1. Please label the shape of region 213-318 as rounded, prolate or oblate, based on the square roots a ≥ b ≥ c of the eigenvalues of the alpha-carbon gyration tensor (a/c under 1.5 means rounded; beyond that, a/b larger than b/c means prolate, else oblate).
2. Which of rounded, prolate, oblate describes region 111-215, given a ≥ b ≥ c as roots of the alpha-carbon gyration tensor eigenvalues and a/c under 1.5 marking rounded, otherwise prolate only if a/b is larger than b/c?
3. If a paramagnetic tag sat 7 Å from the Cα of residue 290 along the Cα-Cβ line, which residues of region 62-100 would have the backbone N under 17 Å from that point?
4. What length, rounded to one decimal in nm, is gained on full extension from residue 300 through to residue 255, with 0.36 nm per residue of separation minus their alpha-carbon distance?
5. Students often check this: by mean Cβ neighbours within 10 Å, which of 241-248, 300-307, 192-199 ranks highest, and how do the rest follow?
6. So for region 268-318, averaging the separation of alpha carbon pairs under 8 Å that are six or more residues apart and normalising by length, what relative contact order in percent results?
7. Separation of region 254-287 and region 95-109 by C-alpha centroid, Å?
8. Stretch residue 173-residue 87 to full length: gain in nm at 0.36 nm per residue minus the Cα-Cα span?
C-alpha cells in the first residue's frame with residue numbers, strides 16, 4: 001500500500017479571482033450599492049435649495065458619456081463579445097473608462113455577462129428576473145428587484161474565473177488595469193471634485209457640489225439605468241426575434257444607455273457590434289464604433305448582414 005498522500009481536491013474557480021480572494025469583489029459590490037444612496041442623501045440633505053451650477057451639469061454630461069461608453073463600447077461589445085478589434089492603447093482606454101463607471105473591474109463584469117448569455121433566464125443566470133422568484137405578482141416584483149439590485153449582493157462577481165474569462169486572465173494589460181481598480185474608482189469620483197474646486201477658485205464647497213452631481217449622482221443614474229437592461233429588458237418590450245430567453249427591445253431606455261436597450265436584437269446576434277439593427281433604432285455606441293472604424297481605430301467589426309437578419313426574422317415568424 002502506498003504511503004503517499006492522496007492529492008487534495010482542487011478548489012473550484014467559482015467564488016475566487018486568480019491570486020485574489022473574493023473579499024475585494026465584495027468590497028467593490030458594496031461600493032456599488034452604497035454610492036447611490038449617498039448621492040441621494042447628499043443632494044436632498046446637504047444641497048437642498050442650492051442651485052446646480054453649469055460646471056456641475058457639464059461635468060455630469062462629460063463623465064456620464066465617457067464612463068457610460070466605457071461600459072457599452074468597452075466592457076460589453078469589445079471585451080465581453082469581441083465584436084470588434086482595436087489598438088492596445090484604445091483597449092486600455094476602454095478598460096479604464098468602463099472601470100470608472102463603478103460597476104466592477106473588467107474581469108468581474110465580463111465573466112458575469114458571459115455567464116448571463118450562457119444561461120440566460122435559466123438556472124444559474126446571475127440576474128434573471130424570471131428564474132426562481134415564484135409565481136404571480138409577488139414573483140414579478142421579486143424578479144425585478146433581483147435583476148435590478150438584489151443580484152449585486154448575491155451573485156455578482158461569483159463567476160470570476162477562467163471558465164468565462166480565460167482570454168482576459170491571459171491578457172497582462174487587462175490584469176494590470178484590474179489590479180488598479182481602486183485607482184479608477186478614485187479618479188471617477190475625484191475628477192469632478194478637482195474640476196469644481198478649480199472652477200470655484202479653490203472653493204471646497206463648489207468642489208464638493210461638483211463631486212455630488214458629476215460623481216455620486218452620475219454613478220447612481222447611469223448604473224441604475226444599465227441595470228434596468230437586466231430587469232426591464234427581460235420583462236417588458238418588443239421581441240423582434242425568437243430567442244431562447246425573455247430578452248426584449250425597450251426603446252425608452254435606448255438613448256440613455258447608448259443603444260443597450262435593443263436587448264432582444266443583442267441576444268439574437270450577441271457578437272454584433274451594432275444593437276440597433278434598424279435605422280430607427282438609435283444606437284450611439286454603434287455610431288462611435290462605426291466612427292472608430294472609419295479612422296482606423298477599429299477593425300474586424302462584426303455586424304449581421306441584412307440577409308442573415310431576414311432569415312432569423314423569418315424563422316421567428318414561423
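The numbers here are math on the coordinates, done by the rules we state, and not lab data. Keep in mind that what you see is a predicted model, and the values were worked out from it rather than measured. Counting neighbours? That spans all protein chains shown, and the Cβs are built from the backbone with ideal geometry, glycine included.
1. Judged from the Cα gyration tensor, region 213-318 comes out oblate (a/c at least 1.5, b/c at or above a/b).
2. It comes out oblate by the Cα gyration axes.
3. 73, 84
4. Values: separation 45, 0.36 × 45 = 16.20 nm, distance 2.54 nm.
Working it through step by step, the gained length comes to 13.7 nm.
5. 192-199, 241-248, 300-307
6. Working: 26 pairs, mean separation 19.1, N = 51.
Normalised by residue count, the contact order of region 268-318 is 37 percent.
7. 20 Å
8. On the way: separation 86, 0.36 × 86 = 30.96 nm, distance 1.20 nm.
Stretched fully, the residue 173-residue 87 segment lengthens by 29.8 nm.
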